[in-house]
Amino acid sequence: MKKSRAMITLLVTVLLLGLLGYTAVYGIGKETSGAAKNIKQGLDLAGGVSITYQVVGEGEPSEADMKDTIYKLQRRVESYSTEAQVYQEGSDRINIEIPGVSDANAILEELGKPGSLYFMSADGAEVLTGTDVTDAQAGTQQDKMGNTQYVVQLTLTEDGATKFAVATALAAPNHDIIYIIYDDVIVSAPSVNEEIRDGMAVITGMASFEEADRLASTIRIGGLKLELEELRSNVVGAQLGSEAIRTSLMAGAIGMALVILFIIIIYFIPGVAASLALGIYVGLVVILLNAFDITLTLPGIAGIILSIGMAVDANVIIFARIREELATGKTVQSAVKIGFQKALSAIIDGNVTTLIAALVLGIKGSGSVRGFAQTLALGIIVSMFTALFVTRMILNALYALGLKNVKFYGVGKEKKSMNFLSKKAAFFAVSLLVIVGGFVCMGLNASSTGDALNYSLEFKGGTSTNITFNEDMSIEELDAQVVPVIESVTGDGNVQTQKVSGSNEVIVKTRTLSVEEREILNEKLAENFGVDTEKIIAETISSTISSEMRNDAIVAVAVATICMLLYIWLRFKDIRFAASAVIALIHDVLVVLAFYAAAKVSVGSTFIACMLTIVGYSINATIVIFDRIRENMGLAKKNAELADVVNLSITQTLSRSIFTSLTTFFMVGALFAVGVTSIREFALPLMVGILCGTYSSICLAGALWYVMRTKLAGKAKKAGSK
């Protein structure tokens with residue numbers, strides 16, 4: 001690269017950093033604010049709309065019908081936000097909370113009246129109702145001319161299929177219309193071309209996929225078993241308050257500063273290049289979060305933290321390779337070129353494996369799982385771009401400007417191979433002991449409290465208390481003054497508060513309170529704050545994470561794990577690499593679960609995000625070591641001992657494992673150090689997971705593969721043997 005081109009490259013980099021920073025903070029245009037301010041935030045960070053529906057009809061609805069209705073509503077409102085929550089209040093009411101919006105009337109108008117959809121033939125006869133529809137999904141298909149058309153695919157119940165067969169048999173000869181009516185409005189009027197007997201119908205004629213998706217959503221919500229009517233609606237404030245957001249931003253800034261300082265001290269000029277690329281990465285992520293309308297919550301922040309760690313990790317892998325090449329006597333220019341080439345496979349395999357998991361979680365998961373997956377996938381794609389292209393471009397420019405001395409890059413020293421495998425029995429024993437200890441703690445917890453883990457409101461449900469204070473109190477004032485009073489009654493730190501916009505009303509959610517505890521709480525609120533006890537309303541609420549959502553999360557993680565296993569198997573051409581990686585991953589999850597049980601950390605919505613973060617972090621760290629084992633096996637002499645190859649590979653990647661863990665730890669540690677209580681409870685298990693992931697990748701993954709390779713392949717101990 002010529003000096004003139006290098007100067008232009010660095011000038012463009014600085015201008016791009018400035019432009020991204022300006023766009024993120026201030027935005028472009030007279031009526032725009034910065035992308036950071038425009039990012040949609042979840043209920044925990046920004047609040048939203050709360051709507052309460054009442055079941056129409058006499059008598060109490062069945063538990064099964066309520067659960068079915070809640071789950072279908074959850075899937076419907078996720079079109080507004082992946083972080084929307086739906087839960088039961090009392091015996092016949094359902095609450096919907098949608099973050100990032102402030103117009104309850106608009107939401108109510110779009111949602112319509114759940115459970116009021118029916119099909120009607122041209123002669124006015126009701127064919128079937130929404131409850132006869134099992135599912136409705138948007139899709140595409142080819143018409144007779146080979147053109148793509150947007151459709152809605154309907155799946156009917158057995159009874160619905162019978163009724164629909166009769167109706168379509170009558171309508172087909174004259175291509176009569178069957179009207180689909182929702183909330184007394186015709187939403188679709190497809191004509192019948194043939195008799196449909198199998199209960200699978202397709203509605204055509206949509207102009208776009210979005211139109212088809214809207215119709216499918218309308219049919220799904222209209223197909224609820226219960227008919228609902230609006231009881232009340234409010235605009236509610238953030239659950240965490242401005243202090244949580246302020247401290248999170250501060251923690252992010254501190255963490256980033258520590259990361260940049262660390263990589264510059266360790267890697268010199270390459271560290272400077274990586275820091276500039278990391279700045280571009282952050283700016284791009286902020287702008288793209290806004291552009292793709294992704295809702296940001298604590299789980300989403302976890303995805304960003306993980307992707308930042310992976311962005312740094314890619315640079316660390318590259319720089320370590322550059323130093324290894326310099327140690328062989330190559331020039332800086334050659335070392336940089338070869339370093340990027342040799343690091344490519346590890347970076348691609350590690351990132352693609354995690355990206356596969358993110359995509360599966362985004363498709364199969366729901367709620368916070370999907371929000372986590374979206375931010376993680378976005379971060380991975382951007383981090384790969386900045387690490388492989390932006391860092392390289394900046395590094396080449398700095399070299400062309402005269403920074404060519406080897407001392408600016410650091411020369412790798414030959415490392416004496418450490419015998420990790422000799423201690424594999426001790427490593428296995430320690431891990432087994434910790435995992436068994438975790439199950440023992442869960443058993444003790446279950447015997448004393450009835451629950452193996454300290455489940456929060458999101459998992460167990462509880463009591464929602466509406467309190468009208470005599471003055472408007474901020475979330476910070478509520479946290480400082482009111483929450484301690486509530487905790488003195490509940491004996492539990494798991495208290496959530498939300499302000500109702502435009503009033504002095506506050507919604508407080510706690511564990512389930514007995515009648516006696518509710519009375520004590522009312523007395524204390526009246527005594528300390530002069531609250532009129534007649535205006536205090538308490539209701540039992542269900543968990544916001546339903547059993548169906550939990551099952552969705554479990555299925556999503558299981559499918560993601562299988563997909564990762566298949567990818568590793570395909571790339572490494574050895575099922576033992578894949579099996580070892582998955583076992584190490586399961587180990588990390590079980591160890592963190594043991595920590596949750598022993599430390600009695602609250603298990604809420606962030607628990608799922610924490611576990612998913614650990615899965616992504618663990619698999620990426622393991623892949624790097626396996627990539628080096630694969631490479632060294634190809635370079636090893638014919639009679640080289642397999643154990644020596646494994647030990648050498650772990651030793652060569654040791655600095656990468658430690659440095660990446662440190663940089664990710666800086667990010668999470670800053671959240672723990674300056675965050676509010678809820679964020680600290682989120683950050684602490686993540687810190688344990690990072691340490692555990694580092695331990696398993698260094699001490700367990702390679703050892704597991706070695707044991708499988710030698711014990712399951714007839715004790716073949718030579719590197720060249722299969």
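Among the residues of segment 131-149, are any in contact (Cβ under 8 Å) with a residue 60 or more places away in the chain and either in contact with a Pro (Cβ under 8 Å, 6 or more places away or on another chain) or closer than 24 Å to E539 by Cβ (or both)?
No - not one qualifying residue is present in segment 131-149.
When only residues in segment 357-376 that are surrounded by fewer than 21 Cβ atoms within 10 Å (Cβ to Cβ) and among the hydrophobic types (A, V, I, L, M, F, W, C) count, which is modelled with the highest pLDDT?
L359
Step by step: first the residues of segment 506-533, then only those that are charged (D, E, K, R) and at pLDDT 90 or above, then the one that is surrounded by the fewest Cβ atoms within 10 Å (Cβ to Cβ). Which residue is that? I'd like the intermediate steps shown before the answer.
Taking segment 506-533 as the starting set, the residues that turn out to be charged (D, E, K, R) are 509, 511, 516-519, 523-524, 527, 532.
Remaining after also requiring at pLDDT 90 or above: 516-519, 523-524, 527, 532.
Details: E516: 8, E517: 17, R518: 16, E519: 14, E523: 13, K524: 16, E527: 10, D532: 13.
If we take residues in segment 506-533 being charged (D, E, K, R) and at pLDDT 90 or above, then E516 is surrounded by the fewest Cβ atoms within 10 Å (Cβ to Cβ).
Which of the residues belonging to segment 594-619 are open to solvent by 20 Å² or more (accessible area, probe 1.4 Å), modelled with pLDDT of 85 or more and in contact with a helix residue (DSSP H, G or I) (Cβ under 6 Å, 6 or more places away or on another chain)?
Once the filter is applied, which keeps residues that are open to solvent by 20 Å² or more (accessible area, probe 1.4 Å), modelled with pLDDT of 85 or more and in contact with a helix residue (DSSP H, G or I) (Cβ under 6 Å, 6 or more places away or on another chain), segment 594-619 yields F595, A598.
Would you confirm whether or not segment 548-571 contains a residue that is within 30 Å of D103 (Cα to Cα) and either modelled with pLDDT of 85 or more or outside any helix (DSSP H, G or I) (or both)?
no
Could you count how many residues in segment 548-579 are over 20 Å from V369 (Cβ atoms), in contact (Cβ under 8 Å) with a residue 40 or more places away in the chain, touching a Phe, Trp or Tyr at 6+ places or on another chain (Cβ under 7 Å) and open to solvent by 40 Å² or more (accessible area, probe 1.4 Å)?
Final tally of qualifying residues: 1.
Taking only segment 68-88 into account, find how many residues are farther than 18 Å from A216 by Cβ and aromatic (F, W, Y).
Count: 1.
Considering each residue of segment 633-643, count those that are open to solvent by 20 Å² or more (accessible area, probe 1.4 Å) and either modelled with pLDDT of 85 or more or in contact with a helix residue (DSSP H, G or I) (Cβ under 8 Å, 6 or more places away or on another chain) (or both), and give that number.
So the answer is 6.
How about segment 280-290: which of its residues are open to solvent by 30 Å² or more (accessible area, probe 1.4 Å), closer than 14 Å to V382 by Cα and either part of a loop (DSSP other than H, G, I, E, B) or not β-branched (V, I, T) (or both)?
Result: L284, L288.
Please give the number of the condition S503 fails out of (1) open to solvent by 60 Å² or more (accessible area, probe 1.4 Å); (2) in contact with a strand residue (DSSP E or B) (Cβ under 9 Å, 6 or more places away or on another chain); (3) over 26 Å from D588 (Cα atoms); (4) of a type outside the set (V, I, T).
In the conditions (1) open to solvent by 60 Å² or more (accessible area, probe 1.4 Å); (2) in contact with a strand residue (DSSP E or B) (Cβ under 9 Å, 6 or more places away or on another chain); (3) over 26 Å from D588 (Cα atoms); (4) of a type outside the set (V, I, T), S503 misses (1) alone.
Out of all the residues in segment 200-236, which are among the charged types (D, E, K, R) and closer than 30 Å to E63 by Cα?
Those that are among the charged types (D, E, K, R) and closer than 30 Å to E63 by Cα: D213, R214, R220, K225, E227, E229, E230, R232.
Limited to segment 139-152, what total is found for residues that are under 12 Å from F209 (Cα atoms) and either open to solvent by 20 Å² or more (accessible area, probe 1.4 Å) or acidic (D, E) (or both)?
5
Applying the selection to segment 502-547, what residues are in a helix (DSSP H, G or I), of a type outside the set (F, W, Y) and in contact (Cβ under 8 Å) with a residue 24 or more places away in the chain?
Matches in segment 502-547: E517, R518, I520, L521, K524, L525, N528, K535, S547.
If you check I264, I254, which single one turns out to be more than 30 Å from L478 (Cβ to Cβ), modelled with pLDDT of 85 or more and either part of a helix (DSSP H, G or I) or of a type outside the set (F, W, Y) (or both)?
After ruling out the rest, the residue left standing is I264.
Keeping to segment 56-79, report how many residues are assigned to a loop (DSSP other than H, G, I, E, B) and either open to solvent by 40 Å² or more (accessible area, probe 1.4 Å) or at pLDDT 80 or above (or both). Can you show your working first?
Restricting attention to segment 56-79, the residues satisfying the condition of being assigned to a loop (DSSP other than H, G, I, E, B) are 56-62, 78-79.
Checking which are either open to solvent by 40 Å² or more (accessible area, probe 1.4 Å) or at pLDDT 80 or above (or both) leaves us with 56-62, 79.
Within segment 56-79, residues that are assigned to a loop (DSSP other than H, G, I, E, B) and either open to solvent by 40 Å² or more (accessible area, probe 1.4 Å) or at pLDDT 80 or above (or both) number 8.
Does F427 satisfy the condition of being open to solvent by 30 Å² or more (accessible area, probe 1.4 Å), in contact with a Phe, Trp or Tyr (Cβ under 9 Å, 6 or more places away or on another chain) and modelled with pLDDT of 95 or more?
The answer is yes for F427.
For M120, all conditions in the list (1) in a strand (DSSP E or B); (2) surrounded by 19 or more Cβ atoms within 10 Å (Cβ to Cβ); (3) over 28 Å from the mean Cα position of the chain (by Cα) hold save one; what is the number of the exception?
So the condition that M120 fails would be (2).
Go through segment 377-418 and give me each residue that's at pLDDT below 80 and either acidic (D, E) or under 26 Å from the mean Cα position of the chain (by Cα) (or both).
Matches in segment 377-418: E414 only.
Exactly one of (1) surrounded by 14 or more Cβ atoms within 10 Å (Cβ to Cβ); (2) within 34 Å of the chain's Cα centre (by Cα); (3) modelled with pLDDT under 90 is unmet by T129. Its number?
For T129, the failing item is (2).
Looking only at segment 409-418, decide whether some residue is free of Cβ contacts under 8 Å to residues at least 12 places away in the same chain, loosely packed, with under 13 Cβ neighbours inside 10 Å and outside any strand (DSSP E or B). Step through it out loud before you land on a result.
First, pick out the residues of segment 409-418 that are free of Cβ contacts under 8 Å to residues at least 12 places away in the same chain: none.
Scanning segment 409-418 turns up no residue that is free of Cβ contacts under 8 Å to residues at least 12 places away in the same chain, loosely packed, with under 13 Cβ neighbours inside 10 Å and outside any strand (DSSP E or B).
Scan segment 330-385 for residues that are closer than 19 Å to V312 by Cα and either among the polar types (S, T, N, Q) or touching a His at 6+ places or on another chain (Cβ under 9 Å) (or both) and jot them down.
Scanning segment 330-385 gives Q341, S345, N351, T353, T354, T375, S383.
Take G491 and tell me if it is open to solvent by 40 Å² or more (accessible area, probe 1.4 Å), more than 25 Å from V101 (Cβ to Cβ) and not charged (D, E, K, R). Walk me through how you get there before you give the answer.
Details: open to solvent by 40 Å² or more (accessible area, probe 1.4 Å): yes; more than 25 Å from V101 (Cβ to Cβ): yes; not charged (D, E, K, R): yes.
The answer is yes for G491.
Taking E97, is it acidic (D, E), in contact (Cβ under 8 Å) with a residue 12 or more places away in the chain and part of a loop (DSSP other than H, G, I, E, B)?
Taking the combined requirement at face value, the residue does not satisfy it.
Out of everything in segment 434-481 that is among the charged types (D, E, K, R) and surrounded by fewer than 13 Cβ atoms within 10 Å (Cβ to Cβ), what residue ends up being nearest to A609 (Cα to Cα)?
Only one residue tops the list, namely D472.
Do any residues in segment 329-342 that are open to solvent by less than 50 Å² (accessible area, probe 1.4 Å) have Cβ atoms under 9 Å from those of residues that are not in a helix (DSSP H, G or I), where the two are at least six apart or on different chains, and which pairs are they?
As it stands, the answer is V332/L403; V332/K404; V332/N405; V332/Y409; A335/T328; A335/Y409; V336/Y409; I338/K330, since those pairs meet every condition given.
Which pairs turn up if I take residues in segment 478-501 that are free of Cβ contacts under 8 Å to residues at least 12 places away in the same chain and look for partners that are buried (at least 19 other Cβ atoms within 10 Å of the Cβ) and β-branched (V, I, T) with beta carbon separation below 8 Å, at least 6 apart in sequence or on another chain?
E487/V495
Just one of (1) open to solvent by 20 Å² or more (accessible area, probe 1.4 Å); (2) in a helix (DSSP H, G or I); (3) within 23 Å of F659 (Cβ to Cβ) trips up S383, so point out which.
(1)
Return yes when G115 is touching a Lys or Arg at 6+ places or on another chain (Cβ under 9 Å) and either in a loop (DSSP other than H, G, I, E, B) or open to solvent by less than 20 Å² (accessible area, probe 1.4 Å) (or both) and no when it is not. It would help to see each step written out before you state the result.
Details: touching a Lys or Arg at 6+ places or on another chain (Cβ under 9 Å): yes; either in a loop (DSSP other than H, G, I, E, B) or open to solvent by less than 20 Å² (accessible area, probe 1.4 Å) (or both): yes.
Against the criterion (touching a Lys or Arg at 6+ places or on another chain (Cβ under 9 Å) and either in a loop (DSSP other than H, G, I, E, B) or open to solvent by less than 20 Å² (accessible area, probe 1.4 Å) (or both)), G115 qualifies.
The values are calculated or read from the model by the stated rules, or taken from the named source; none is laboratory data. These numbers come from a predicted model, not from an experiment. Cβ sites come from the backbone with ideal geometry, for glycine too, and all protein chains shown count toward neighbours. The area values use the complete protein model at the heavy-atom level, side chains included, leaving out ligands, DNA and RNA. Shrake-Rupley method; radii C 1.70, N 1.55, O 1.52, S 1.80 Å.
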